[in-house]
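This report concerns only the one structure given below.
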Amino acid sequence: MLIDSHCHLEYEGLVEDQQGVLERARAAGIAGFLNISTRQNEWERVVATAARENDVWASVGIHPHEADAHADLGAEALRNATAHPRVIAIGETGLDYYYDKSDREVQKALFRMHIGISRETGLPLIIHTRDADDDTAEILADEMEKGAFPALIHCFTASAEFGRKVLDLGLSISISGIVTFKNAKELQEIAAQIPQDRLLVETDSPFLAPVPHRGRPCEPAFVRNTAEFLAALRGEDLDTLAEYTTRNFQNLFSKASFPKAAA
């Protein structure tokens with residue numbers, strides 16, 4: 001079985017046919033879905049979907065694009081939201097200097113606040129980083145010195161140097177459909193070398209549909225296409241990659257309770 005470790009089931013492109021989206025993914029062998037939030041007003045919907053579907057889990061967090069709008073969120077609100085039994089992760093959070101939709105200092109402050117709640121609760125942190133490798137790595141290293149916390153770099157597209165830094169810090173890395181793109185040669189080289197016990201797969205749906213679905217809204221079912229490509233890239237068969245990426249998901253997101261049929 002495969003797990004889509006990062007999807008946005010409440011976003012336009014998926015939410016209009018959410019049940020159909022999940023059914024198509026299940027038919028493709030996808031046994032679990034981590035439904036990611038990016039702003040506070042999504043938390044209730046993300047958790048409700050996870051409460052309704054026993055193979056869907058939820059995250060709570062603030063995306064760096066939304067940092068300015070949540071500058072006064074406060075740690076208590078995030079801490080309280082993590083208490084729900086279907087919330088298994090914190091995020092996505094991090095830094096995005098490509099679009100700079102929020103003040104960089106506000107992004108950094110919220111990122112550190114999320115890290116603190118991850119450390120306190122033991123829930124893994126889901127990290128978004130774009131054009132911010134140096135600051136992301138610096139904050140992660142600084143915060144690790146204060147006390148370890150579990151974390152995942154989602155939709156990895158950074159440099160090999162950044163990859164080595166986060167692996168050295170004990171983080172895991174998730175690969176999206178970008179790895180299937182023709183112009184993703186550097187990412188393909190990096191993805192081929194990620195240790196088996198640190199690798200996860202995702203769609204980031206409804207974004208970043210992998211080959212052969214380019215130009216369409218991405219769906220969680222398409223994580224199979226990414227996994228097939230990645231397995232070939234690494235010289236492995238799909239069953240092997242599915243087995244260890246699912247085990248990695250279970251180990252990292254240890255609060256997740258799998259349905260008996262999928263265990």
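Structure notes:
- On full extension, the segment bounded by T121 and D100 gains 4.6 nm, given 0.36 nm per residue less the C-alpha separation.
- Separation of segment 118-134 from segment 155-200 is 15 Å, based on Cα centroids.
- With 30 Å as the limit on Cα-Cα distance, the pairs of K165/K255; K108/K255; K108/K182; K101/K255; K101/K185; K146/K185 that go past it are K108/K182; K101/K255; K146/K185.
- Each eigenvalue of the Cα gyration tensor of the chain, multiplied by 5 and square-rooted, gives one semi-axis; in descending order these are 25, 22, 18 Å.
- In sequence order, calculated HN-Hα J values of segment 41-58 (Karplus, 6.51, -1.76, 1.60; Hz; x Gly/Pro): 6, 8, 4, 4, 5, 4, 5, 4, 5, 5, 5, 7, 10, 6, 10, 10, 10, 10
- Cα convex hull volume per residue for segment 116-263 (Å³): 116
- Of all beta bridges that DSSP places with both ends in the chain, some 0 percent have antiparallel geometry.
- Extension gain from E243 to M1, taking 0.36 nm per residue of separation minus the Cα-Cα distance: 86.4 nm
- Of the chymotrypsin sites (Phe, Trp or Tyr not before Pro) found in segment 69-171, those in coil by DSSP whose Cβ has at most 14 other Cβ atoms within 10 Å are Y98, Y99.
Read-outs: derived from the displayed coordinates by stated rules, not from any lab. The model shown is predicted, which means the values in this text are computed figures rather than measured ones. Using ideal geometry, Cβ is built from the backbone for each residue, glycine included, and neighbour counts are taken over all protein chains shown.
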